[in-house]
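Structure record follows, encoded as structure tokens.
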Amino acid sequence: MKYAIFFESVTGNNEALANKIKEALPAEECVAFGKPDEEALKEAELVFIGSPARGNNFMPPVLDFLAKMENKKVAPFMVAGYGDTPAFFGMILDRIESKIPESNEVVGRFAVQGKLHESLVKKYSKMYEGDEENNEWKAWMANYERSQSRPNQNDFDRAVKFAKEVYEKANA
Ligand SMILES: Cc1cc2nc3c(=O)[nH]c(=O)nc-3n(C[C@H](O)[C@H](O)[C@H](O)COP(=O)(O)O)c2cc1C
């Protein structure tokens with residue numbers, strides 16, 4: 001089955017995940033790999049589509065692209081920074097899926113945590129200046145530290161499994 005892997009990636013986490021997805025699938029069936037592209041979309045029957053979490057959602061250009069899809073099998077994937085629980089990922093993925101028009105079929109979805117950029121520490125530390133013992137800030141920093149080793153090998157292994165399962169389901 002002809003498939004495309006479209007993604008946005010500002011700091012490289014989604015790109016790394018997209019590469020793992022690509023490596024897991026038959027190369028000869030891949031019609032596109034890279035930024036969302038309407039021309040390439042026409043050729044694909046199965047679309048993997050990924051984005052960094054922004055505002056606990058996909059980035060706006062990726063959401064706009066989702067809304068243009070018709071009669072595709074679709075598998076959204078995402079790297080998020082602010083959490084690492086099924087409930088957190090599920091909340092965002094449900095929001096994303098609600099933007100996929102009904103003529104499409106969602107055949108799988110996948111999310112992992114990715115490293116937060118250090119610029120965010122600067123941004124948020126300003127909010128807590130003089131209040132460094134604040135529990136919210138401490139929790140934020142603890143999550144930041146945890147995020148630095150992600151995505152890890154286990155995340156990549158799970159991405160490969162996701163890609164293979166989606167491809168099999170789409171072909172069934
Ligand atoms: C400006 C900005 C806003 C972000 N907003 C969110 C967010 O709302 N929710 C979240 O879980 N992560 C958020 N993140 C973290 C990114 O989604 C995360 O670092 C992701 O791995 C980035 O993917 P990329 O490396 O492919 O760009 C934000 C990061 C930046 C820089």
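For this structure, a couple of remarks:
- Filter result (among the hydrophobic types (A, V, I, L, M, F, W, C) and surrounded by 15 or more Cβ atoms within 10 Å (Cβ to Cβ)) within segment 113-123: 116
- Selection of segment 83-120 for residues being more than 14 Å from the chain's Cα centre (by Cα), over 18 Å from residue 12 (Cα atoms), aliphatic (A, V, I, L, M) and within 16 Å of the ligand (Cβ to nearest atom) yields only 87.
- Set 164, 138: member being more than 18 Å from the chain's Cα centre (by Cα), in a helix (DSSP H, G or I) and of a type in the set (Lys, Arg): 138
- Residue selected from segment 35-77 under the condition away from the ligand (no atom under 16 Å from the Cβ) and closer than 16 Å to residue 17 by Cα, by the criterion farthest from the chain's Cα centre (by Cα): 47
Since every read-out is calculated from the coordinates, none of them should be taken as a lab result. Just so it is clear, the model here is predicted, and its values are computed rather than measured. So basically every Cβ, Gly included, is an ideal-geometry build from the backbone, and we count neighbours across all protein chains shown.
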